[in-house]
1. Which three extents, in whole angstrom, do the alpha-carbon atoms of region 215-280 cover along their principal axes, largest first?
2. Kindly give the semi-axes, whole Å and largest first, of the ellipsoid equivalent to region 627-684, taking each as the square root of 5 times a Cα gyration tensor eigenvalue.
3. What is the extension gain from residue 56 to residue 306, computed as 0.36 nm multiplied by their sequence separation minus the C-alpha to C-alpha distance, in nm to one decimal?
4. Leaving ligands, DNA and RNA out of it, rank 30, 124, 1, 735 by accessible area with a 1.4 Å probe, largest first.
5. Enter the accessible area per residue of region 303-413 (Å², integer; probe 1.4 Å; all protein chains in place).
6. Past 30 Å, Cα to Cα, is the threshold; run 464/788; 273/754; 116/754 against it and keep the listed order.
7. So which of 296/392; 749/771; 31/122; 173/609; 311/372; 175/661 end up more than 19 Å apart, counting from Cα to Cα?
8. Find, among the GluC sites (Glu not before Pro) in region 199-245, those assigned to loop by DSSP (not H, G, I, E, B) with at most 12 other beta-carbon atoms within 10 angstrom.
Amino acid sequence: MTKEQRFYSALKDLFIGAKVEGESGYINLMKIKSRYFEKGVFPRLQDDIEKALALFPHFREELFDKLYSFFSRYFSESGSIYFRYTPLDQNVYEKVYTDDKDVMLFWKTHMLYYVKTDRLFKSMDVEIEGQKFFFDVSTLEHKKANEKRDIIYSFKEKRKDGIVSFTVQYSEKGKKTKFDQIQKALKKAGLKLSEDILKRAFRVFERQSEVDYFINKNAKAFLEEQFDLWLYQYVFSGETQWTETRIKQLQTLKDIARKIIAFISQFEDELVKIWNKPKFVLNSNYVITLDRIAEKDISIVEKLIKHKGFKEQISEWKDLGIVEGNFKPREIIETDLGGKHLTEEWQHLPIDTKYFKDLEHDIIGLFDNLDKALDGWLIKSENYQALNTIEKKFAERIQVCYIDPPYNTEKESFNYSDRFNRASWATMLDNRIEIVYRLLNHKGSINVQVDFHETATLRFILDKNFKEENFLNEIIWRIGWLSGFKTAGDKYARNHETIWFYRKSKEAPFSGKALDVHYKTVKPSKAQIQQINSFVRAICSSVDIKPEKVEWVIKAQDGTIVKAASRGEGKEGVYPAEDVWNASEYDDLNSIMIMSYSDEKVGDFLTQKPEKLLQRVIEASSGRGDIVMDFFLGTGTTCAAAHKLGRRWIGIEMAEYLQTKALPRQKQVIAARGNNEPCGISKRVKWQGGGFFKYYELEQYEDVLKRVAYDDADLFNDPNQDPYHQYVFLRDLKMLQALEVDLKQNKVKVDLSKLYKNIDIAETLSNLTGKWIKRITRDTVEFEDGEKIDLKNLDYRLIKPLIWW
């Protein structure tokens with residue numbers, strides 16, 4: 001391959017990224033990029049280079065060699081533009097990096113938005129014990145965000161050549177590969193393959209590359225700066241004589257490089273706009289307890305009871321343990337001399353408006369100031385998209401932010417593919433914490449929980465965004481069931497996590513009162529002793545300690561009595577108020593975790609974050625009515641604790657368990673009953689129930705990439721403008737299919753249903769404008785400032801940022 005061919009090949013790789021199959025917004029983008037490159041930039045660039053080299057043909061080899069040398073270092077499989085290649089011998093970077101280590105003072109991906117980590121799956125052949133398999137990924141729909149999702153396989157066909165073909169998909173809602181069905185299909189096709197052989201074939205297929213997807217915040221400035229540094233080093237590292245010809249040659253090199261940079265950067269800038277575009281609110285519903293409705297209009301409760309959706313609502317209550325099987329709807333309302341009113345037992349039954357959509361406006365219409373009446377918002381979304389979308393609405397309104405992000409370990413849900421995982425993790429947190437700073441009011445604070453994997457990295461990120469002088473505490477939360485130093489394998493057992501506690505200003509409140517936790521002993525039953533001893537033996541075996549050195553923990557089923565001890569040293573009384581917060585102080589992840597008796601058993605798993613830990617975090621920096629936010633919500637502990645403490649809350653989670661765990665849990669919280677209630681801090685704070693909150697989904701970055709429409713017209717059609725600096729997307733439709741233009745009437749009709757079903761335009765506009773909702777009717781939304789918008793006849797100028805950027 002000649003130097004010229006090598007350069008054009010590298011340029012194409014840089015511009016487009018590695019070839020990948022399947023269906024996704026990214027693949028749609030790659031196709032667009034490929035077309036623009038092949039039809040636009042490539043032929044034009046070739047022509048311009050040939051014209052420039054006509055003056056000094058002997059410069060040809062050097063020009064292509066140096067262009068390749070510079071641009072090849074920025075190639076990444078995902079098409080992202082950043083420091084990919086920084087070996088020590090490229091000494092322009094030697095003060096910043098070595099080849100095998102990130103320097104956190106200037107991390108490789110600091111100028112990027114982190115989008116997701118995904119695999120570059122390609123269709124491929126695999127052979128196991130003489131049997132050939134083919135894996136088809138042509139219909140694979142790639143991940144929308146960075147959620148952890150398994151691959152599932154389905155038998156497609158046995159081909160004439162004997163090859164067994166499988167289709168490959170990402171799992172939806174926890175679905176698994178059905179080996180029994182595959183084996184039945186294979187048997188029908190005349191083949192008998194063991195589950196072990198199938199699993200081995202699947203493992204081989206899954207060894208394909210995983211890459212981090214980024215977007216450069218300012219690709220043009222980044223590449224131009226890097227080129228100037230590179231050119232300076234190249235010129236002054238060996239040049240001794242300066243002729244007129246030599247100066248012109250170097251100027252030609254710079255001119256060509258700048259043209260390439262200008263064109264490449266337009267695509268990256270377009271992605272930045274899509275990434276930061278406010279997102280549509282989709283599939284919204286409200287959850288409200290009956291007492292909140294009845295105090296306004298009990299007749300609506302009567303309508304709900306008679307509604308066809310009430311059977312589904314009752315079924316949900318039974319599943320959540322809120323009502324028993326013998327529940328009688330007629331007992332909800334009772335009549336006496338004072339008239340009709342709710343039975344006390346059922347006043348906190350939670351109504352989900354998804355079962356009563358035709359009555360939803362009747363319910364929310366009861367409130368004169370809707371957003372102020374809400375206790376919280378649950379948002380299903382990748383968290384950067386959510387934070388960026390709600391920023392205007394909640395700017396400087398958040399009092400406390402608590403997050404427990406993935407810790408960047410192989411066991412966690414956040415996975416990275418390359419050696420610079422620490423830089424990627426830093427970028428992910430930095431992008432989001434930067435917005436959080438703007439969301440917090442001037443008296444607000446942030447608490448970020450982390451373990452040893454990224455403790456130092458996180459402190460650096462928080463210092464960067466909140467300034468070192470606003471650091472308040474390093475809180476050590478002791479979670480291990482062994483006190484002191486014990487070994488596990490070839491190292492000490494980990495027994496704590498860190499919570500970094502920062503404030504936005506010195507005006508931030510702090511109430512570090514001690515939690516008085518008294519412990520009593522109880523004599524367990526024989527069955528309990530057998531269960532505990534079995535558990536102790538298993539745990540002790542895993543960490544190489546003798547069981548007799550460990551005492552057990554047991555709690556009565558009503559949650560009132562506990563004995564917490566370890567290493568034979570039983571301790572009763574009050575734990576000290578200090579920065580070391582013992583997990584056993586919170587009656588949850590005690591010295592030994594007994595799921596059957598834990599007050600933090602949620603559904604089918606034990607929560608990692610006890611409500612009492614969140615109680616201490618929330619009470620330290622907020623008062624009743626303040627807003628608490630968690631954008632790595634998980635199963636919803638933060639929102640549950642905040643609600644019981646009389647705070648308002650925002651919970652953001654991209655995984656399916658927002659619907660399967662956090663939402664059901666919050667319904668149980670406001671009902672103050674159910675499979676998980678009362679639990680946690682309910683008894684401590686005398687929680688009685690009641691509440692009103694909204695939950696919804698957001699349009700995602702991948703959704704936009706899938707729907708965006710780009711034109712196939714001539715790219716360079718303005719003879720008066722430098723073609724490399726023309727805004728090539730000016731004439732493209734993007735998402736303008738939502739508009740119908742009537743030229744005769746000079747009107748523009750908005751039809752958002754052409755983009756998505758179930759758009760909540762009132763909440764979308766509230767996020768877009770930053771105005772809180774006062775009232776919603778079927779036809780209008782009224783904001784706090786008195787502005788009223790006709791939802792049936794939207795002014796296209798209002799929604800322009802959502803559909804054209």
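1. Largest first, region 215-280 extends 60, 18, 9 Å along its Cα principal axes.
2. Taking √(5λ) for each eigenvalue gives 18, 14, 8 Å, largest first.
3. 81.2 nm
4. These residues rank, largest area first, as 1, 124, 30, 735.
5. In whole numbers, region 303-413 has 46 Å² accessible per residue.
6. Beyond 30 Å: 464/788.
7. 296/392; 749/771; 173/609; 311/372
8. 239
The values are calculated or read from the model by the stated rules, or taken from the named source; none is laboratory data. Remember, it's a predicted structure, so these values are computed and weren't measured experimentally. All Cβ positions, even for glycine, are placed from backbone atoms using ideal geometry, and neighbour counts span all protein chains on display. These area figures cover heavy atoms from the full protein model, side chains too; ligands, DNA and RNA do not enter into them. Shrake-Rupley method; radii C 1.70, N 1.55, O 1.52, S 1.80 Å.
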